[in-house]
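Right, one structure below, let's go through it.
The values are calculated or read from the model by the stated rules, or taken from the named source; none is laboratory data. On a predicted model such as this, the values are computed, not experimentally measured, just so you know. We place every Cβ from the backbone using ideal geometry, glycine too, and count neighbours over all the protein chains shown. Ligands, DNA and RNA are stripped out before the accessible areas are found, and what is left, the full protein with its side chains, is counted by its heavy atoms. Shrake-Rupley method; radii C 1.70, N 1.55, O 1.52, S 1.80 Å.
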Amino acid sequence: GLRFVIDTLHLTTLLLEQLRRAGRARVVNVSSGAHKVGRIAFDDLQGRHRWSPMGGYAQSKLAQILFTRELADRLRGTGVTVNAMHPGAVASGFKNGAAGLARTLVGGFYAVFGISPEKGADTILHLAGSPEVADVTGEYFVKRRPATTSKACRDAETRRRLWEVSEELVSALDEA
């Protein structure tokens with residue numbers, strides 16, 4: 001869930017100076033359409049009191065888009081672009097995180113409706129290397145095109161607050 005987003009922030013901040021020095025660099029975050037049902041629960045970010053697999057997943061995908069937009073703003077003018085994308089329903093090992101009936105249902109869904117990992121990677125590769133998007137930053141893409149996000153993704157105050165809380169959590173990791 002959110003731990004993945006914290007790890008992403010941690011890794012990105014460790015690489016930030018190298019990204020800036022590169023002159024032209026691109027960061028691509030993989031999110032999901034599930035962000036649209038996500039909610040940032042500041043009172044229980046780690047899911048210690050109320051947790052559900054889908055709720056945690058949706059919160060982490062929303063957090064990734066918020067993180068993407070905040071980082072894009074912080075890096076504006078440096079030559080580093082930061083975008084998020086939804087790969088689609090990729091037939092991968094996603095169901096392996098589920099158990100019981102949920103595993104069967106998720107596995108069945110992806111077996112029937114899932115796209116190949118190659119097709120799922122198309123937008124990632126486009127964002128990472130296409131001259132067409134060389135100067136685009138802070139966007140969310142689906143099938144190589146900018147897509148509409150939930151209203152929550154456009155909340156600058158939530159974005160800033162989540163960044164600050166995440167920095168505190170990353171700082172605690174560094175001290176441990």
- request: Take the stretch 141-157 and flag every residue that is free of Cβ contacts under 8 Å to residues at least 12 places away in the same chain and among the polar types (S, T, N, Q).
  value: 148
statement: The lone condition residue 139 fails out of (1) surrounded by fewer than 17 Cβ atoms within 10 Å (Cβ to Cβ); (2) over 17 Å from residue 13 (Cβ atoms); (3) acidic (Asp, Glu) is (1)
- request: State all residues of the stretch 143-168 that are under 29 Å from residue 22 (Cα atoms), crowded, with 17+ Cβ neighbours inside 10 Å and of a type outside the set (Phe, Trp, Tyr); if no residue qualifies, say none.
  value: 153, 159, 162, 166
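Quick one: count up the residues across the stretch 73-91 that are of a type in the set (A, V, I, L, M) and assigned to a loop (DSSP other than H, G, I, E, B). Show your work before the answer.
Our first condition is that a residue be of a type in the set (A, V, I, L, M); within the stretch 73-91, this holds for 75, 80, 82, 84-85, 89-91.
With assigned to a loop (DSSP other than H, G, I, E, B) added as a condition, the list becomes 89, 91.
Summing the residues that are of a type in the set (A, V, I, L, M) and assigned to a loop (DSSP other than H, G, I, E, B) in the stretch 73-91 gives 2.
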message: Out of 34, 84, 22, I need the residue that is surrounded by fewer than 18 Cβ atoms within 10 Å (Cβ to Cβ) and closer than 22 Å to residue 145 by Cβ. Which one?
response: 34
task: Quickly run through the stretch 145-176 and pick out the residues that are touching a helix residue (DSSP H, G or I) at 6+ places or on another chain (Cβ under 9 Å), part of a helix (DSSP H, G or I) and more than 19 Å from residue 37 (Cα to Cα).
output: 160, 161, 163, 165, 166, 167, 169, 170, 173, 174
- prompt: What single numbered condition from (1) open to solvent by 70 Å² or more (accessible area, probe 1.4 Å); (2) modelled with pLDDT under 95 fails to hold for residue 124?
  reply: (1)
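To keep it simple, each residue is scored yes or no on (1) in a strand (DSSP E or B); (2) touching a strand residue (DSSP E or B) at 6+ places or on another chain (Cβ under 9 Å); (3) at pLDDT 90 or above; (4) not charged (D, E, K, R).
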site: 29; (1), (2), (3), (4): yes, yes, yes, yes
site: 43; (1), (2), (3), (4): no, no, no, no
site: 51; (1), (2), (3), (4): no, no, no, yes
site: 66; (1), (2), (3), (4): no, no, yes, yes
site: 71; (1), (2), (3), (4): no, yes, yes, yes
